Amino acid sequence: MRHQLGRRGLVAGAALAVGLLAAPALQAQSPVTITFRFNDPEAPQMRAALDEFEKANPSIKVNMQRISWADMQQQYLREAATGTAPDVVHISFVQPRSFGGGKALRPLDDLIARDGAQMGVKGWNDFFARDLAEGPDGKTYAVPWTTDTFTMMYNTELFEQAGIKEFPTTWAGLRDASRQIHQRTGKAGWGFPAGSCATPSIWFYMNYYFWSDGPGWIDQDASGKFVMGVTPEKATEALEYYNSYITEGHNPRSNLSVCLWGAPELVEGMLTGNTAMASMPDTVAIEILTKWDQRNPGKKRPFMTAPHPGGKNGSVTNFGGRMLGISPNAKNVEQAWALVKFLTKPDPTFKHYNNYTPAQRAAIDSRAWDPELAGYPKQLANSRSWGPYATGPVPIPFMWNAVGRAAGSVFIGEKTAQAAGRELHDTIARELARLQQR
Amino acid sequence: MHANVKGFVAFALVPAFFFLGAFYVYPFVFNLDISATDLDIFQLRDGGRWIGLENYIELLTSPGFRRVMFNTVIWLTVVGVTVRIVLGLALAFLLDSRTIRAWRLSTLTRILLIVPWATPPVVAIVVWRWILDPRVGAANQFLMWLGFIDQPIPFLADANWVWPSIILIITWNTLPLVTLTFMASLQSLPGELVEAAEIDGASRTQLLRYIYLPHLKPAIIVMAMMSTFWTFNNFIYVWLTTGAGPGTFTNVMATEIYIKGFIDGRLGYSAAAGVVMAMIMTAFGMIYLRYVAARALVEEEDR
């Protein structure tokens, strides 16, 4: 009996020893799993790109997490503060500075210095908006990934019916065209979303109005100090301008319940020909063209795009876009970095994620735009970075929300443009002063 | 009490005190601490700087505070709770009526009553937002079909309609609990009491005034207090329905706390607003219990 037990024990011991010896090798072979927080709606397309990454890197698995853009900031900052953030995070152009300043992102300078030459199409220096990727300490906290800007899309048939031959180039001309289309066709002119939320579209349109003629809300004086660029009078003028579309009836009141530029109501308005003009990033314009083709096979697209109207500074919109960052708690930094590098290569990522444009000069120059989207490269050439908004002390979300609330109050007739313009100016000025005192 | 029993009682209370401390006292003290700092969401890792009562002073003197308080107290709480109590009473009387019982509709009406209550608030809000949508919403299409309106109404973005719409959604979702509570109270009323009053020639108004309402008083008082607490603190109905808009037209204390904390990033300020909100509710609870509920319940016992 004792003899038998001894033999069994020997066998079991040997098996255990073999197991223990083999464990590190097995461990080495098992893939490392990293997490990627992705916020755009194109989840299946991104998953396809990630599958290609996994195929090219069999030792890395990517767990894609999803969250809406509206919730991503507060969720990520909470996680970063408690060490539970995803390894790779999808952020907007305006966030690296505040996130990096708050130590919510890992500095990437060491990795860029090592691998910069192999990044993207032509290396790190070909990426644009690199200034927006920097934190207040001058370190780089993210890699620019995609870029876009808002452009005006219009219905050529409605323009023709209203007797308008060319897209207007001034703000007054745009309003006249909107009014004329409504009067002659009964359709909405510029049907911009006029709803209130934390990230309303009116924020962009008001900035375009200001920039085309002068500075934006926050500006930098000769000494480098951040100051208010928009006066209460200018704020009032812009609010009155946009409110006139609603009071004159060429932007329907139903758009008071629409907040975002890509809302299904606006897309449908363009597709059904009930709205003549809309301002949107290229992703939404591509969605409209794709749906039009699906619903009207073989029929000519009745759409064109053109830059926004301008003033003495010409037509100016913002360079929008997304970046990729690595969280400070990422344990597998090399694997996370490998994913960031992979995703910034146009091929294969942007074959799947094809509504978006890589934030690299070479990629933009080589992009083939549909004829209807000809306005986008023109508008991109006239786009600017957020500048003092991104580098100044007042967080963009604060101004974004405040502008939307003030505009909403005017659009529903709760406040006059003058009262709301003054209050809005004072709100931003107060926040600027408070943050400059810190 | 025997020392061993006392020891056992103390031991048995330990978990309760632990949870009370961990989930109520500690968060409250932590929040109080944050409210005296300039902590912002971008500096969570560094923490905030001590600024004393600055957040409280800024909150109480800010131009928008009066509007936020008006929306919270008058629209959301006073109007919202009053509508619920009045409709709840009316519905309770209707569902407990002899007619409903005679037509054998009691079970069906009670099941139908529970449906809104069983619907999670998020689902209820999404459905109502769709119903009230100006383009495809059933409400506008129905009103246009009836010929009452010729243009759709943006119910959730129109200053005249947005508060009634929010109250409608809250009422639809929460009315069943109020109604069921009042129905339970009505069913505990001795039938002989009503019969005796009827034999004595009491009219319906007299029955309501001298029999039903005094009997329902404790239930009304408790329901009004609980509804006030739930409503005053509520975030989800306003935020998901209107996002505190249009503009700041429907901004209430709970949404103000969220906007300041998570959109503007000012967690210290937001914590101060939370403390003020808790103090208002504590004061309300104390006054209500001391001068309304206690007196009414004593009267009830004396009867």
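The values are calculated or read from the model by the stated rules, or taken from the named source; none is laboratory data. Note that this is a predicted model, so its numbers are computed, not measured. Here Cβ is always computed from backbone atoms with ideal geometry, including for glycine, and neighbour counts include all displayed protein chains.
Condition first: free of Cβ contacts under 8 Å to residues at least 40 places away in the same chain, within 14 Å of chain B (Cβ to nearest Cβ) and part of a helix (DSSP H, G or I). Can you find one or more residues in the stretch A:395-405 that meet it? Looking through the stretch A:395-405, at least one residue is free of Cβ contacts under 8 Å to residues at least 40 places away in the same chain, within 14 Å of chain B (Cβ to nearest Cβ) and part of a helix (DSSP H, G or I). Looking only at residues that are out of contact with any helix residue (DSSP H, G or I) (no Cβ under 8 Å at 6 or more places or on another chain) and in a loop (DSSP other than H, G, I, E, B) in the stretch B:141-162, which one is farthest from the other protein chains (Cβ to nearest Cβ)? Among them, the one singled out is B:147. Within the stretch B:188-206, residues that are surrounded by 12 or more Cβ atoms within 10 Å (Cβ to Cβ) reach partners that are among the hydroxyl-bearing types (Ser, Thr, Tyr) with beta carbons closer than 9 Å, at six or more positions or on different chains, in the pairs B:189/B:212; B:194/B:212; B:197/B:210; B:202/B:210. Return yes or no: is residue B:134 in contact with a Lys or Arg (Cβ under 7 Å, 6 or more places away or on another chain), surrounded by 15 or more Cβ atoms within 10 Å (Cβ to Cβ) and within 15 Å of residue A:254 (Cβ to Cβ)? Taking the combined requirement at face value, the residue does not satisfy it. Residues in the stretch B:240-270 that are among the aliphatic types (A, V, I, L, M) and in contact with a strand residue (DSSP E or B) (Cβ under 8 Å, 6 or more places away or on another chain): B:267 alone.
Only one of the numbered conditions (1) under 13 Å from residue A:150 (Cα atoms); (2) outside the structural domain of residue A:277 (by TED's automatic domain parsing) is violated by residue A:342, and that is (1).
Just checking, which of A:322, A:295 is free of Cβ contacts under 8 Å to residues at least 60 places away in the same chain, basic (Lys, Arg) and out of contact with any Lys or Arg (no Cβ under 7 Å at 6 or more places or on another chain)?
After ruling out the rest, the residue left standing is A:295.
Filtering the stretch A:64-100 to residues that are touching a residue at least 24 places away in the same chain (Cβ under 8 Å), buried (at least 18 other Cβ atoms within 10 Å of the Cβ), small (Gly, Ala, Ser) and at the interface with another protein chain (Cβ under 10 Å from one of its Cβ atoms) leaves A:80, A:98, A:100.
Among the candidates B:120, B:134, the residue that is on the phi < 0 side of the Ramachandran plot, modelled with pLDDT under 95 and of a type outside the set (D, E, K, R) is uniquely B:134. If only residues of the stretch B:114-132 that are in contact with a helix residue (DSSP H, G or I) (Cβ under 7 Å, 6 or more places away or on another chain) and either among the acidic types (Asp, Glu) or not in a helix (DSSP H, G or I) (or both) are counted, the one that is farthest from the other protein chains (Cβ to nearest Cβ) is B:119. The single condition from (1) away from every other protein chain (no Cβ under 14 Å); (2) hydrophobic (A, V, I, L, M, F, W, C); (3) over 26 Å from residue A:127 (Cβ atoms) that residue A:261 fails is (3).
In summary, residue A:114 fulfils each of the numbered conditions (1) without any contact (Cβ under 8 Å) to a residue 12 or more places away in the chain; (2) within 24 Å of residue A:391 (Cβ to Cβ); (3) of a type in the set (Lys, Arg) with the single exception of condition (2).
For the stretch B:246-274, filtered to residues that are more than 18 Å from residue B:70 (Cα to Cα) and away from chain A (no Cβ under 13 Å), the residue that is surrounded by the most Cβ atoms within 10 Å (Cβ to Cβ) is B:272. If you go through the stretch A:406-438 and pick out every residue that is more than 11 Å from every other protein chain (Cβ to nearest Cβ) and free of Cβ contacts under 8 Å to residues at least 60 places away in the same chain, you end up with 2.
Within the stretch B:30-42, the presence of a residue that is in contact with a helix residue (DSSP H, G or I) (Cβ under 8 Å, 6 or more places away or on another chain) and without any contact (Cβ under 8 Å) to a residue 60 or more places away in the chain is excluded. Listed by position, the strands (runs of 3 or more DSSP E) inside the stretch A:233-347 whose residues that are surrounded by fewer than 21 Cβ atoms within 10 Å (Cβ to Cβ) number at least 2 are A:303-306. Per the listing B:135, B:84, B:67, B:110, the residue uniquely part of a helix (DSSP H, G or I), in contact (Cβ under 8 Å) with a residue 12 or more places away in the chain, within 27 Å of residue A:194 (Cα to Cα) and of a type in the set (D, E, K, R) is B:67. Out of all the residues in the stretch B:238-252, is one or more in contact with a Cys (Cβ under 8 Å, 6 or more places away or on another chain) and either touching a residue at least 40 places away in the same chain (Cβ under 8 Å) or within 28 Å of residue A:420 (Cα to Cα) (or both)? Yes, the conditions are met somewhere in the stretch B:238-252.
Okay, residues lined up against (1) of a type outside the set (Asp, Glu); (2) assigned by TED's automatic domain parsing to the domain that holds residue A:361; (3) under 27 Å from residue A:345 (Cβ atoms):
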| residue | (1), (2), (3) |
| --- | --- |
| A:93 | yes, yes, yes |
| A:97 | yes, yes, yes |
| A:109 | no, yes, yes |
| A:119 | yes, yes, yes |
| A:143 | yes, yes, yes |
| A:157 | no, no, no |
| A:172 | yes, no, no |
| A:178 | yes, no, no |
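Being at pLDDT 95 or above and either within 28 Å of residue A:270 (Cβ to Cβ) or in contact with a strand residue (DSSP E or B) (Cβ under 6 Å, 6 or more places away or on another chain) (or both): is that true of residue A:335 here? Yes; evaluated as a whole, the condition is true for this residue. The lone criterion from (1) within 21 Å of residue A:218 (Cβ to Cβ); (2) within 19 Å of the chain's Cα centre (by Cα) left unmet by residue A:360 is number (1). The number of residues in the stretch A:199-219 being part of a loop (DSSP other than H, G, I, E, B), within 14 Å of chain B (Cβ to nearest Cβ) and surrounded by fewer than 22 Cβ atoms within 10 Å (Cβ to Cβ) comes to 1.
Here residue A:364 clears all of (1) under 27 Å from residue A:74 (Cα atoms); (2) part of a helix (DSSP H, G or I); (3) more than 10 Å from every other protein chain (Cβ to nearest Cβ) except the condition numbered (1). Per this entry, residue B:238 is not counted among residues that are more than 14 Å from chain A (Cβ to nearest Cβ) and in a helix (DSSP H, G or I). Answer yes or no: is there a residue in the stretch A:429-438 that is outside any loop (DSSP other than H, G, I, E, B), under 30 Å from residue A:229 (Cα atoms), touching a Pro at 6+ places or on another chain (Cβ under 8 Å) and at pLDDT below 95. Yes. When the stretch B:247-277 is filtered for residues that are assigned to a loop (DSSP other than H, G, I, E, B), among the charged types (D, E, K, R) and closer than 19 Å to residue B:80 by Cβ, nothing remains.
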